[in-house]
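S.K.: Below you'll find the structure I mean.
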Amino acid sequence: EKGGYDYFMLKEIAEQPKAVADTLLGRIDANGVLALDEVRIPSEVLREVHKIVIVACGTAYHAGMIAKYAIEHWTRIPCETELASEFRYRDPIMDRRTLVIAISQSGETMDTLMALRHAREQGAKVLAICNTNGSTIPRESDAVLYTHAGPEVAVASTKAFLTQLVACYLVALYLGQVRGTKWGDEIHAVVKELAAIGTQVEQVLATMEPVRELARGLADKNTVLFLGRHVGYPVALEGALKLKELAYMHAEGFAAGELKHGPIALIEEDLPVVVIVPSPRGRSVLHDKIVSNIQEIRARGARTIVIAEEGDEAVVPYADHLVRIPRTPTLLQPLVSAVPLQVFACELATARGNEVDQPRNLAKSVTVE
Ligand code: F6R
């Protein structure tokens, strides 16, 4: 049941620290070494992989987009992420040394299933990342890494998304470990931070009241835009998707660097724009670029809602609303930056009188193509 919450979605948002911790449980040993024996693809095979293709739909696709950054950075294996519904229709190039990762909460999404069948026909190995034991996608894959989010009832995916990210990071780090790429200080440090991330998600959840209040104040708006760069870009897409499906508002996510190539024409007085700001400590060039993007849109009248790391003072002068998130390594930031966007969409949907757990026209599990 809903455990005292008005909606399953609220309950599932609140369950995220536990879902994240459960997905990590037993997979990192006391020395910070990854133990993913359950992925029964032999190390020799993983060492031979020369290309990774991630296929998924919707929110799971956004997790896959983020995974691409982590996989390429930590393993140096070329990785592409593709919408499952597009994948097999373009005659994709695959062989026995291609690893396909299929991400699905339900394990029953037809588009994803058809993509993985196509991949196996071409001789690729398929690893499923899935939340539902014994569902079709893991049954038809060579291996599976289960997310332990527990049952997700609300149609809009929240805790499954965070655990999909955790599983992707685990796979990326594991590949790095098996292949010996960058297996040194950086990966060890990240494993440590990943192990502590549940606490940070909890911190974010404890500070969401201003975000709810902000959302209620925007209930009569027609459009909200989302901007991000690097791993913040898929987070922007996910924030927009949540708002579309729950609040039935026009919402779009953009890579902030694309603004001047078109979308900046959309900016008008008082248009809410949510900006996900990368850490000033990691890829600081990106941070500085996004700060100038915020300046540019604000100069054109946008109402800026800025999601930035604690201690990032550079954004303060340009933020109409500032949402703080804890410091994390750059690649892990989506685990904390996605949470305020879930809360934002849920509260806006409620304020607009929508059915939060059962948005119109949507089904939890999409078993048709
Ligand atoms: C969005 C949402 C959908 C699913 C998508 C894939 O909140 O829930 O976009 O993420 O339909 O579903 P699964 O992960 O079950 O394959």
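S.K.: Find the centroid of the Cα atoms in the stretch 316-363 and in the stretch 139-184, then give the distance between the two in whole Å.
M.R.: Taking the Cα centre of the stretch 139-184 as reference, the centre of the stretch 316-363 is 22 Å away.
S.K.: Show the residues, 5+ positions off or on another chain, whose built amide H is closer than 5 Å to the amide H of residue 275.
M.R.: Sorted by chain and number, the residues that satisfy this are 227, 305, 306, 307.
S.K.: Nearest 0.05, what FRET efficiency do residue 186 and residue 51 give at R0 = 22 Å with Cβ-Cβ as r?
M.R.: 0.45
S.K.: If you average the C-alpha positions of the stretch 288-310 and of the stretch 211-264 separately, how far apart do those two centres end up, in angstrom?
M.R.: So the separation of the two Cα centres works out to 13 Å.
S.K.: About its Cα centre, what dipole magnitude does the chain give when the only charges are +1 on Lys and Arg Cβ and -1 on Asp and Glu Cβ, stated in debye to the nearest 20?
M.R.: With Lys and Arg at +1 and Asp and Glu at -1, about 580 debye.
S.K.: Do any of 289/364; 18/51; 18/364 go past 28 Å between their Cα atoms, and which?
M.R.: As for pairs spanning more than 28 Å Cα to Cα, those are 289/364; 18/51.
S.K.: Right, another one. Length gain on complete extension for the stretch residue 244 to residue 284, per 0.36 nm per residue less the alpha carbon to alpha carbon distance?
M.R.: 11.3 nm
S.K.: Related question: Would you please state the base-10 log of I(q)/I(0) at q = 0.06, 0.14, 0.15 1/Å for the chain, with intensities from the Debye formula using one equal scatterer on every alpha carbon?
M.R.: -0.21, -1.19, -1.35
S.K.: Taking amide H atoms as placed 1.01 Å from N in the peptide plane, list the residues 5 or more away in sequence, or in a different chain, whose amide H sits under 5 Å from that of residue 81.
M.R.: Under 5 Å from the amide H of residue 81 lie the amide H atoms of 54, each far enough along the sequence or on another chain.
S.K.: Okay, next question. What are the ³J(HN,Hα) values, in whole Hz, obtained from phi via the Karplus relation 6.51 cos²θ - 1.76 cosθ + 1.60 with θ = phi - 60°, for each residue of the stretch 60-70 in sequence order, with x given for Gly and Pro?
M.R.: Result, rounded to whole Hz: 5, 5, 5, 4, x, 5, 5, 4, 4, 4, 5.
S.K.: Further question: Under 8 Å for C-alpha pairs, at least 6 residues apart: give me the relative contact order for the stretch 218-326, rounded to a whole percent.
M.R.: 24 percent
S.K.: Explain nothing, just the number: relative contact order of the chain, from Cα pairs under 8 Å at least 6 residues apart, as a whole percent.
M.R.: With pairs under 8 Å counted, the relative contact order is 19 percent.
S.K.: Further question on the same structure: Taking amide hydrogens as modeled 1.01 Å from N in the peptide plane, which residues meet the under 5 Å criterion relative to residue 124, leaving out close sequence neighbours?
M.R.: HN-HN under 5 Å from residue 124: empty list.
S.K.: Just want the answer: with Cβ charges of +1 for Lys and Arg and -1 for Asp and Glu, which residue in 246, 232, 274 is farthest toward the dipole's positive end in the stretch 174-284?
M.R.: Among 246, 232, 274, the one farthest towards the positive end of the dipole of the stretch 174-284 is 232.
S.K.: Moving on to the next point. Per residue of the stretch 28-40, what does 6.51 cos²θ - 1.76 cosθ + 1.60 with θ = phi - 60° give for ³J(HN,Hα)? Whole Hz please, x for Gly and Pro, Karplus curve as stated.
M.R.: Calculated HN-Hα couplings, in order: 10, 7, 4, 8, x, 9, 7, 10, 10, 4, 4, 7, 7 Hz.
FYI, it's all coordinate maths here, none of it is from the lab. Everything numeric here is computed off the predicted structure, so don't read it as measured data. All Cβ positions, even for glycine, are placed from backbone atoms using ideal geometry, and neighbour counts span all protein chains on display.
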